[in-house]
Amino acid sequence: MIFYMPGDKVDASIIVPTYREAPNLPHLFDRLFSALQKAQIDAEVIIVDDNSRDGTVEIVGDHAEQFPVKVLVRTGERGLSSAVLAGFEEAHADRLVVMDADLQHPPESVPDLIGKLDDPRCDFVIGTRYAGSGGVEDDWPFVRRVVSRVATLMAKPLVPLSDPMSGFFALRREVWQRAQSLDPIGYKIALELYVKGRCRHPVEVPIRLAARVAGETKLSLRVQIRYIRHLWRLYRFRFPRGTIVVIVLTVALALAVVWRLWAAAGR
């Protein structure tokens with residue numbers, strides 16, 4: 001279901017996967033297009049919705065006359081990673097941006113991510129919580145902080161990024177198209193694209209992760225297990241001869257960090 005078709009080539013295509021995020025969309029559109037207008041960037045927004053039936057289609061339709069937005073409703077396949085790839089297929093621009101709909105990713109930072117791709121050496125841009133002025137809101141639960149840090153450490157041997165868990169990133173179409181045998185599971189499509197796209201020159205943009213405005217988090221035990229399975233696949237792809245050794249060392253390091261975090265919290 002598509003409501004908008006651009007007449008001319010746009011500067012960027014912004015992919016936003018959604019599931020029951022309808023209350024956040026009006027705020028997202030207002031903030032995002034305000035930032036894009038100030039930066040003089042002509043972009044389209046593609047909402048890829050997993051059949052939420054929560055008013056997402058109607059909200060996009062209501063805003064389609066004001067903003068270049070469209071919605072693709074999927075009634076079969078589900079999941080964030082496959083939703084992003086479906087959005088890429090609908091995109092018209094050479095520069096692709098991915099962000100969440102829950103307003104934790106600051107829409108005002110989207111022009112920064114797009115602008116970094118002006119450098120022909122840059123092949124991947126990611127919004128990071130863990131570098132420069134980046135960070136998270138003070139009310140982020142301690143357990144969430146631990147899970148995030150451990151998950152980041154487990155992916156470290158795969159990518160030279162301070163925040164490889166981030167779902168806020170940008171890349172050129174050619175990176176996606178050259179990525180080999182994309183088969184993501186779980187929700188960390190950025191890892192899949194970076195590793196299999198064989199990126200070598202990333203740029204990080206510090207962001208402050210905001211608190212969710214509406215809706216509920218999709219992070220569950222099942223999602224975390226799928227993340228571990230995803231890591232296993234990527235390790236086999238990246239280190240076909242030394243996978244076991246790398247994984248053992250990474251897990252040992254992650255456990256050591258968890259121990260230090262819990263010890264510090266108990267003081």
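Applying the set (1) of a type in the set (Asp, Glu); (2) in contact with a strand residue (DSSP E or B) (Cβ under 6 Å, 6 or more places away or on another chain); (3) closer than 18 Å to GLU44 by Cβ to ASP112 leaves exactly one unmet item: (3). Filtered by the rule that a residue be in a loop (DSSP other than H, G, I, E, B), of a type in the set (A, V, I, L, M, F, W, C) and surrounded by fewer than 19 Cβ atoms within 10 Å (Cβ to Cβ), the range 67-109 gives a lone residue, PHE67. Annotation for the range 164-182: no member residue is under 17 Å from the mean Cα position of the chain (by Cα) and of a type in the set (Asp, Glu). The requirement of being at negative phi, modelled with pLDDT under 95 and either of a type outside the set (Gly, Ala, Ser) or under 18 Å from the mean Cα position of the chain (by Cα) (or both) is fulfilled somewhere in the range 104-111, by at least one residue. Could you please let me know if PHE29 is assigned to a helix (DSSP H, G or I) and either over 19 Å from the mean Cα position of the chain (by Cα) or more than 15 Å from PHE169 (Cα to Cα) (or both)? Spelling it out, PHE29 is indeed assigned to a helix (DSSP H, G or I) and either over 19 Å from the mean Cα position of the chain (by Cα) or more than 15 Å from PHE169 (Cα to Cα) (or both). Tally time: how many residues in the range 181-228 are at pLDDT 85 or above and not aromatic (Phe, Trp, Tyr)? Number satisfying all stated conditions: 21.
Scanning the range 110-122 for residues that are surrounded by fewer than 20 Cβ atoms within 10 Å (Cβ to Cβ), in contact (Cβ under 8 Å) with a residue 40 or more places away in the chain and in a loop (DSSP other than H, G, I, E, B) yields a total of 3.
I need a count of the residues in the range 34-66 that are under 21 Å from GLY115 (Cα atoms), surrounded by fewer than 21 Cβ atoms within 10 Å (Cβ to Cβ) and touching a strand residue (DSSP E or B) at 6+ places or on another chain (Cβ under 9 Å). Number satisfying all stated conditions: 2.
Based on this model, can you work out whether TYR130 counts as surrounded by 15 or more Cβ atoms within 10 Å (Cβ to Cβ), modelled with pLDDT under 95, out of contact with any Lys or Arg (no Cβ under 7 Å at 6 or more places or on another chain) and aromatic (Phe, Trp, Tyr)? Here the answer is yes, as TYR130 does meet what is asked. If the condition is being among the aromatic types (Phe, Trp, Tyr) and touching a Lys or Arg at 6+ places or on another chain (Cβ under 9 Å), then the range 153-204 contributes only TYR187. Within the range 176-186, one or more residues are under 29 Å from LEU25 (Cα atoms), in contact with a strand residue (DSSP E or B) (Cβ under 8 Å, 6 or more places away or on another chain) and of a type outside the set (Asp, Glu).
The values are calculated or read from the model by the stated rules, or taken from the named source; none is laboratory data. Just so it is clear, the structure is predicted and the values come from calculations on it, not from any experiment. No Cβ is skipped: glycine too gets one built from the backbone with ideal geometry, and neighbour counts run over all protein chains shown.
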